[in-house]
Amino acid sequence: MIALYSSVHAHHDPELEYYDGQAAPYAERAARIPSILSGCRTLGIPVRTSNISISPQQLQAVHGRRYVEYLQSKCGAIGEGAQLMPSVFIGDTYTPLTRHAYEAACHAAGLAVAAAELVASGEQHAVYALCRPPGHHAERDAMMGYCYFNNAALAAQRLSAGGKKVAVLDIDYHHGNGTQHAFYDRSGVLYVSLHVDPAEAFPYGSGFSDERGVRKGLGFTRNFPLDRSATPRDYLAVLDKAVQAVQAFEPDFLVLSLGFDTYKDDPIGGLGLDIRDYRTIGNRLARGLPYPALIVQEGGYNVEMLGALSAAFLRGYTV
Ligand code: OKP
Ligand code: ZN
């Protein structure tokens with residue numbers, strides 16, 4: 001296993017997000033990545049730098065042309081250090097633009113696609129893409145939840161080339177609405193998500209258990225909402241169900257959307273999981289889902305703890 005990293009993300013570092021119009025410090029901080037990187041180093045996972053962008057054409061595998069062009073031109077007009085809350089192509093007020101948002105998002109997507117290529121070619125059995133900004137809330141034509149381009153969806157789309165079956169398992173605290181919607185009417189990519197019940201958590205509008213896909217995609221979306229008060233024991237029991245759903249699909253490749261915001265002291269999530277639980281999670285996934293895998297970084301906002309959390313996960317995953 002190797003990790004893929006790019007330094008370009010650091011130029012995108014907004015100051016504020018808006019909750020019902022009230023400014024609050026931006027939780028999706030640049031410092032998250034060095035912390036996760038230290039977790040990889042603790043485990044001795046080789047880290048490869050991959051400063052590869054993605055073209056607007058490649059982005060259109062998942063996103064609309066007008067959306068991509070809007071982001072590119074709007075970011076170019078923003079001053080260094082400033083931020084702008086766009087009025088269109090946006091699903092919430094947590095996702096401001098900066099001068100370098102487009103560039104950073106293109107490099108995060110580039111990491112995910114480069115990682116997908118290493119896995120698709122068989123060069124690596126597993127690759128951890130240290131994507132930032134995250135991607136799973138990004139819709140075809142809307143930025144949302146700190147996400148601009150959907151890294152996991154772009155990678156899954158790449159891995160599905162030639163009719164390969166791809167399962168996306170999303171274990172971020174939040175439901176990955178964008179990834180779900182990217183494959184909602186298709187049968188070749190399974191989306192399975194474990195997250196806090198959208199009745200009581202972001203993104204509120206999707207991730208309910210009755211969302212199961214449409215037309216050819218019916219049955220190829222599976223949501224496992226958790227109560228906010230779920231214990232680690234409850235969590236692991238539901239994780240086993242999600243793992244079984246993926247196993248039943250018999251995928252050629254796995255994309256894991258990995259969030260550490262289920263950690264008990266996460267500032268915006270927090271689901272009672274402790275460091276040792278991440279080792280258990282990593283271990284259950286490695287054993288239950290031994291497919292060639294791409295791990296895509298999504299959320300996790302306790303910057304000081306991300307190193308320990310990623311190390312614990314990797315310790316369990318790589319045994
Ligand atoms: C992105 B990812 C709570 C604010 C919630 C939006 C959450 C975006 C999560 N006061 N803000 O899934 O980790
Ligand atoms: Zn999240």
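Bear in mind these aren't lab numbers, they're just calculated from the coordinates by the rules spelled out. Being a predicted model, the structure only gives us computed values, none of them experimental. Neighbour counts run over all protein chains shown; Cβ positions are idealised from the backbone, glycine included.
Here is how the numbers come out for the structure above:
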| item | result |
| --- | --- |
| Long-range amide H partners of residue 128 with built H, under 5 Å | 2, 3, 4, 295 |
| Distribution of pairwise C-alpha distances over the chain, 10 Å bins, in % | 6, 30, 39, 21, 3, 0 |
| Euclidean distance between Cα centres, the stretch 260-291 to the stretch 178-242, Å | 17 |
| Ranked packing of 225-233, 65-73, most packed first, by mean Cβ within 10 Å | 65-73, 225-233 |
| Computed FRET value (nearest 0.05) for residue 265 with residue 88, which takes r as the C-beta separation and R₀ as 25 Å | 0.10 |
| Cβ-based charge dipole, the stretch 1-153, positive-most Cα from 6, 151, 30 | 6 |
| Estimated vicinal HN-Hα couplings, Hz - the stretch 70-84 in sequence order (Karplus 6.51, -1.76, 1.60; Gly, Pro = x) | 4, 4, 4, 6, 5, 4, x, 8, 8, x, 4, x, 8, 9, 9 |
| Nearby lysines by direct alpha-carbon distance to residue 164 (threshold 22 angstrom, same-chain neighbours under 8 apart not counted) | 216 |
| Protection-proxy order for peptides 16-26, 90-100, each taking the mean of Cβ atoms within 10 Å per residue, highest first | 90-100, 16-26 |
| Environment charge at residue 180 (Cβ cut-off 14 Å; Lys +1, Arg +1, Asp -1, Glu -1) | -3 |
| Förster-model FRET efficiency, 51 Å R0, residue 23 and residue 125, C-beta, rounded to 0.05 | 0.70 |
| Mean-position separation - Cα centroids, the stretch 103-129 and the stretch 1-62, in angstrom | 13 |
| Amide proton proximity set for residue 143, modelled H, under 5 Å, gap of 5+ | 90, 91 |
| Relative contact order (percent, whole number), the stretch 118-201, Cα cutoff 8 Å, 6+ residue spacing | 25 |
